[in-house]
Amino acid sequence: MTTQQTPAAPVSAVDAAGVTIAGLNKSYGANHVLRGIDLEIAPGEVVCLIGPSGSGKSTLLRCVNLLETPESGTVQVGEFTVTDEDVDLDALRQHVGMVFQQFNLFPHLTVMGNCTVAQTKVLKRSAAEAREVAARQLARVGLGELAERYPDQLSGGQQQRVAIARALAMDPQLMLFDEPTSALDPETVGEVLSIMRHLAEEGMTMLVVTHEMGFAREVADRVVFMDGGVVMESGPASAVIADPQEPRTQDFLRRVL
Ligand code: ADP
Ligand code: MG
């Protein structure tokens, strides 16, 4: 990808990084949840992570941005080593954006406040610059008009779009999505998936836990099926979803499709 070296980069400019996860292990007490995960994601690649409840999908995502600390193994995002002992957490939060099932917006801040607070606190941007970046990202998710509203004045789909704009305002190189549409009313699922589809088309590297098999089929470059803390099967959607080889994958898909 060629990037224009101008101060005002186009809205769609994405500085996407590749991800290398190697030998990742995580336990909660005696529960060995991640059992040696190896996963390589190319810059700009979209990987959908599927698998039964409790298989370790959320834990894997949370290890990638250190919401959980893995016991062993490494995570690399572009030039940035997440699992370095003396990792710079502010730099990590800039590199890796995350969107959760429950939005996790700050209820006491406006939409604009939600989208500027980390920019000023973590990235030390001026208030004016942060507002400008936030306005640009809110426009990108179609919410430019709602900047002064509070989260409880928005639909679930709108709140999730704010959460995406907030993450994008940090100029991440990787976006993690943990079941971003699972808490939404059916009629607002589409608007969130459509934002994610655009982001994928713009070249963002994305790791997406989802039960939306239609989205996985259409948008994912690769589908990874996890079960029992290991990657059981991985490949293009046309293989993993349409023609799974592993019996566990076949069972799972029979239940969700
Ligand atoms: P998934 O997202 O695939 O449903 P999770 O990663 O949430 O799976 O959970 C994997 C396993 O780890 C489950 O057995 C779950 O109970 C356990 N687990 C997840 N988070 C914690 C936690 N904070 N403390 C203890 N056990 C946890
Ligand atoms: Mg989960």
How do the pairs read when you match residues in the range 56-78 that are touching a residue at least 12 places away in the same chain (Cβ under 8 Å) and within 13 Å of ligand 1 (Cβ to nearest atom) with residues anywhere that are open to solvent by 20 Å² or more (accessible area, probe 1.4 Å) and part of a helix (DSSP H, G or I), using Cβ under 8 Å and keeping only pairs 6 or more apart or on different chains? 68/62
Any residue that is surrounded by fewer than 17 Cβ atoms within 10 Å (Cβ to Cβ), charged (D, E, K, R), in contact (Cβ under 8 Å) with a residue 40 or more places away in the chain and closer than 19 Å to residue 195 by Cβ - is there at least one of those in the range 150-158? no
Which pairs turn up if I take residues in the range 167-193 that are more than 12 Å from residue 96 (Cβ to Cβ) and look for partners that are outside any loop (DSSP other than H, G, I, E, B) and open to solvent by 30 Å² or more (accessible area, probe 1.4 Å) with beta carbon separation below 6 Å, at least 6 apart in sequence or on another chain? 178/58
If I ask for residues that are touching a strand residue (DSSP E or B) at 6+ places or on another chain (Cβ under 6 Å) and either over 22 Å from residue 24 (Cα atoms) or at pLDDT below 95 (or both), which ones from the range 202-218 would you list? 204, 216
For the range 45-77, which positions are within 13 Å of ligand 2 (Cβ to nearest atom), part of a helix (DSSP H, G or I) and open to solvent by less than 10 Å² (accessible area, probe 1.4 Å)? 60, 61, 63
Would you be able to say whether some residue in the range 227-238 is assigned to a helix (DSSP H, G or I), open to solvent by 30 Å² or more (accessible area, probe 1.4 Å), free of Cβ contacts under 8 Å to residues at least 24 places away in the same chain and more than 16 Å from ligand 2 (Cβ to nearest atom)? yes
Go through (1) away from ligand 1 (no atom under 15 Å from the Cβ); (2) open to solvent by 20 Å² or more (accessible area, probe 1.4 Å); (3) modelled with pLDDT of 95 or more; (4) touching a Leu at 6+ places or on another chain (Cβ under 8 Å) for residue 25 and report which single condition fails. (1)
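The values are calculated or read from the model by the stated rules, or taken from the named source; none is laboratory data. Bear in mind that the values here come from a model prediction, so they are computed numbers and not experimental data. We place every Cβ from the backbone using ideal geometry, glycine too, and count neighbours over all the protein chains shown. We work out accessible area using only protein heavy atoms, side chains counted, and drop any ligands, DNA or RNA first. Shrake-Rupley method; radii C 1.70, N 1.55, O 1.52, S 1.80 Å.
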